[in-house]
Amino acid sequence: MNKFSFSLGKLSKGLVAAAGGLIKYVAVPLVIIYGAIALLESAGGGEFAESLGLNGLMTWVAVLGIAIAALSFFRGFYPKGSRSRMIFGVASMAAAGAWLWVLAKGGDIALAGGDITLGIDYTGIVLLLLVAVALRGLYFVAEMVSCRKEWLAQLP
Amino acid sequence: MHWGPLALRLSAVAVNLFVVAILILSLLPLATGDLQVRAPEGEKAATSFEDGVLTMSIPLEIFNGGYFDIDDVRVFIKLGQDGIVLTEAATDVMSIQAGKLNRLDPAFSFDLSKIDKEGLEAMVFERTQMEYDIGVEGSYTLGLVNADIGFQRTMEWEPLIDDLAFAASDPPYVINGTSIDILVRYSFDASSLLRDRPVGMAFTLGNDTAMIGDGHISMVLQDHNEGVARITVPQEAAASLIGPQDLTLGIDISVLGVEAHLDRDYHWEGVI
């Protein structure tokens, strides 16, 4: 049987995983970014919002977030122990890593407003978060290895 | 139980929790005003000037009520005019320890002897608008966050030599054997940095074609200084001084290792 066969998966689990991905990687970040833009503009820091490129960031976060949600659908759709779940799980975490890097602006932001400039380099924090994402990716590999026998046993 | 996947999942959660915890512990003190900077009561910035180096020391008390030290703190200052950097200085690396009141004495040393001629003239003689480009950098949160902030201000520069004025003395010249000594009355105010310091002033006098005379004075500077400088014009050049004309008076001032030059127009009424 093809390991990507739709007959192997469960639609409801895929939809739940996709919905979780949409909330975590699209809805919540967009609300936070939108709130940050509104907060900066109301505090007279419109220049800072512009130099951060927050409007462009919203587009990128939405595009990558939807891609993660799509990959999460298939990761949830396929059962534990299957290679297809592992592949989509690792792919979704790779996309999550790219999403995080874009959202965090590569861990280095430079703000300019009037005669003041502010540069913050938080690459260390972003790398720690990427380590967490990588561990999540490894989790799907370990899960496949660990649940493989159980899944193979229940195949017809 | 699938211990391997569980361990990886818990590890990922632990890393995320660690990041969240250090972010909260880092940002909370800043948001609640637990980082305070103030000047110690009764203490002022100290300024000194030695060997062409202008040093400013500013006493500061910084209370870091946060949980993390602020390390590798340095402050940079660039002094410029019309977009050109004249001189710059940086403090030593400082550390602001967490949970205590830190006493800092950042000192900036500007080596004026390395400034180009025109820039130095402006700093020594002119009350001018100077551009201050100030930057502060440091690392926080166990070195995971590095930040730098910079701001620019335009402020008035107090010259070292101010209100420099020259006028013909009375009498404007004396015959000295075969040469003519032109007597020039000078007056100027000196910055308090220069008080009681020895200064040498060399004068040259020139017309459109050549340098025709020179002179030199030495003095110990006071807040206000005035006197008469004697510029000797030798016999071979004295004939050129018969008629009225505009001359150029060149002044070279040398104080504490800094040398600056200034040219002034000097109207000569002629030999009567």
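The values are calculated or read from the model by the stated rules, or taken from the named source; none is laboratory data. A quick note: this is a predicted structure, and the numbers were derived from the prediction, not measured. So basically every Cβ, Gly included, is an ideal-geometry build from the backbone, and we count neighbours across all protein chains shown. These accessible areas exclude ligands, DNA and RNA; they are computed on the full protein's heavy atoms, side chains included. Shrake-Rupley method; radii C 1.70, N 1.55, O 1.52, S 1.80 Å.
Going from the alpha-carbon gyration tensor of the protein assembly as shown, what semi-axes, largest first and in whole Å, does one get by taking the root of 5 times each eigenvalue? Could the numbers behind the result be given before it?
Numbers: eigenvalues 1156, 99, 54 Å².
For the protein assembly as shown, the semi-axes come out at 76, 22, 16 Å.
Direction-averaged projected area, Cα convex hull, segment A:9-154: 9.0 nm², rounded to one decimal.
Expressed as a whole percent, the accessible area of segment A:1-123 that falls on carbon and sulfur atoms is 71 (1.4 Å probe).
Checking every one of the GluC sites (Glu not before Pro) in segment B:202-272 against DSSP loop status and a limit of 13 other Cβ atoms within 10 Å picks out B:E269.
Which of the peptides A:13-24, B:93-104 is most tightly packed, and how do the rest follow, judged by the mean count of other Cβ atoms within 10 Å per residue? Working shown, then result.
Values: A:13-24: 17.2, B:93-104: 14.9.
The most tightly packed comes first, giving A:13-24, B:93-104.
Applying the criteria of a DSSP loop state and at most 14 other Cβ atoms within 10 Å to the trypsin sites (Lys or Arg not before Pro) of segment B:189-272 yields B:R195. Inter-chain neighbour count for A:102-115: the average number of beta-carbon atoms from partner chains within 10 Å of each residue's beta-carbon is 1.
Ordering A:I120, A:L11, A:A95 by Cα displacement along the dipole of chain A toward the positive end leaves A:L11 in first place; charges were set at the Cβ atoms of Lys, Arg (+1) and Asp, Glu (-1). Go through B:G200, B:I84, B:H2 and say which Cα lies farthest out towards the positive end of the charge dipole of the protein assembly as shown; charges sit on Cβ, +1 for Lys and Arg, -1 for Asp and Glu. The listed residue farthest towards the positive side: B:H2.
Using Cα pairs under 8 angstrom and six or more residues apart, how large is the relative contact order of segment A:9-154, in percent?
Numbers: 196 pairs, mean separation 39.9, N = 146.
Answer for segment A:9-154 is 27 percent.
Please give me the summed charge of the neighbours of A:K3: other residues whose Cβ is under 13 Å from its Cβ, Lys and Arg +1, Asp and Glu -1.
Details: positive: A:R83, A:R85, A:R148; negative: none.
That works out to +3.
Heavy atoms of chains A and B lose about 2000 Å² of accessible surface on contact, summed over both sides with a 1.4 Å probe.
Under the definition of Cα pairs under 8 Å and six or more residues apart, what whole-number percent is the relative contact order of chain B? Intermediate values should be presented prior to the final figure.
On the way: 601 pairs, mean separation 37.2, N = 272.
Once divided by the residue count of chain B, the mean separation gives 14 percent.
Each listed q (0.18, 0.24 Å⁻¹) maps to a log10 I(q)/I(0) for segment A:1-72, found by the Debye formula over equal Cα scatterers with no solvent: -0.73, -0.98.
Going from the chain on its own to the full set of protein chains, segment B:1-48 has these residues losing 40 Å² or more of accessible surface (heavy atoms, 1.4 Å probe, no ligands, DNA or RNA): B:H2, B:P5, B:L8, B:R9, B:A12, B:V15, B:V19.
Rg/Rh for chain B (Cα atoms only, Rh after Kirkwood) is 1.26.
Peptide packing for B:39-52, A:78-91 was compared via the average number of neighbouring C-beta atoms within 10 Å per residue; ordered from the highest value, the list is A:78-91, B:39-52.
Average partner chain C-beta neighbours within 10 Å, per residue of A:135-148?
Mean partner shielding for this stretch: 5.
Over segment A:9-154, average the accessible area per residue using a 1.4 Å probe and give it in Å², no decimals.
Details: 7170 Å² over 146 residues.
Heavy-atom accessible area per residue stands at 49 Å².
Calculate, for chain B, the solvent-accessible area per residue in square angstrom, rolling a 1.4 angstrom probe over the heavy atoms of the protein chains. Mind showing how you got there, number by number?
Details: 14610 Å² over 272 residues.
Accessible area per residue, chain B: 54 Å².
Rg and Dmax of segment B:96-186, based on Cα coordinates, read 24.5, 79 Å. Nearest 10 degrees is fine. How inclined is helix B:3-31 to the longest principal axis of chain B, computing both from alpha carbons? That works out to roughly 40 degrees.
Pairwise alpha-carbon distances in segment B:1-158 exceed 26 Å for 45% of all pairs. Placing unit charges on the Cβ atoms only, positive for Lys and Arg and negative for Asp and Glu, gives the protein assembly as shown a dipole magnitude near 5240 debye about its Cα centre. Surface composition of chain B: carbon and sulfur make up 54 percent of the accessible area, probe 1.4 Å.
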